[in-house]
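In what follows, a single structure is set out as C-alpha cells and then discussed.
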Amino acid sequence: MAVVFALWLREVKRYLRSRPQILASLGQPLMYLLVLGFGLGPVFERAGQGDYLRFVAPGVVGMTILFSSIFSGVGLLWDRQFGFLKETLVAPVPRLQIMAGRTLGGATTALIQGTLVLIVCLIAGFRPDDVGGVLLGFVFMALIAVVFAALGTIIGSGLKDMQGFQLVMNFLVMPIFFLSGALYPLADLPTVLTVLTHLDPLSYGVDGLRGAFIDRTHFGVLTDFAVLVGLAACFLALGARAFSRIQA
C-alpha cells in the first residue's frame, strides 16, 4: 500500500505543480459551457427542453474528467522515454501496486479538474437541485475518472511512442465524447446512434451526473451506477494485465 500511496502522491503533485497546464485545460470546457450554453440556450428552450445551461453543465464536467483521466496514460510514455518507468518496474514490488497507484493518481487529478469546472459552472449560473445531489454527483465523477484512467493505462501500456497515443486518442476520445449525450438529449435518436450511445461508457457517466445534479436521467441513476462500477472493475483488471506485460 505504501507503493500505491507514493505513486498516487507523485501523480497528484505533478499535476498541482503544472499551474499553467491547469489553467489551459479549462479553456475547452469554458468554450463549450459559455458558447454553447448561452448560444444554444434560446433554441433549446424553444424546443421545450428547458434551460440548456443546466442541461449541458453536467456534460461539460464529464467531458473534462474524460479528457484529463484518459490522457493520464500519456504519463506512461513520458516515464518510458525518460527512464523512470524502467526504474519503477525493476523495483521489488508487485506491478499491480504500481498500476493501481498510477491509475488512482490519474483519476484523482481528473476529479480535481472536474471539480474546478463544476465551480466554473456554478459561477456561470448552474445550480444543482440539492446538496445530496452534489454528493452523489461527486460519486459519479469519481467513477468516470477511474473508468477512463484505467482505460488510459490500458492504451498507454500497449504503445511506445507519443504519435501512436495521439492517433488512438483522436479516434477514441472524441467519439466517446460526442456520442455520450453531453451536448444533446439521448431520447428519440436514430437507431444507429441509439445503439452507439448505449455502448458509450461516458453516456452512463453523463446521465448519472444529470440525474444527480438536476434529476434528469435517461437510463436511470441505478443503471448508470451499476454500469460504471462494472466497467471500472473490468478496465482495472484489463489495465493490470496490460501493465504486467509492459516492456520498459
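Each value in this text was obtained by applying a stated rule to the coordinates, not by laboratory testing. Predicted model, so just to flag it, every value in this text is computed and none were measured. FYI the Cβ positions are ideal-geometry reconstructions off the backbone, even for glycines, and counts take in every protein chain you see.
Taking the condition of being within 16 Å of Leu36 (Cα to Cα) and of a type in the set (A, V, I, L, M), how many residues in segment 124-133 meet it? I'd like the intermediate steps shown before the answer.
Here is the first cut: in segment 124-133, the ones within 16 Å of Leu36 (Cα to Cα) are 124-126.
If we keep only those that are of a type in the set (A, V, I, L, M) as well, we get 124.
Summing the residues that are within 16 Å of Leu36 (Cα to Cα) and of a type in the set (A, V, I, L, M) in segment 124-133 gives 1.
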Which helices (runs of 4 or more DSSP H) does segment 131-248 wholly contain that include 3 or more residues that are over 17 Å from Met63 (Cβ atoms) and within 15 Å of the chain's Cα centre (by Cα)? 131-158, 221-244
When segment 176-198 is checked residue by residue, the ones that are touching a residue at least 12 places away in the same chain (Cβ under 8 Å) and loosely packed, with under 13 Cβ neighbours inside 10 Å are Ala187
Anything in segment 106-138 that is under 23 Å from Ala226 (Cα atoms) and of a type in the set (S, T, N, Q)? List them, or say none. Thr108, Thr115
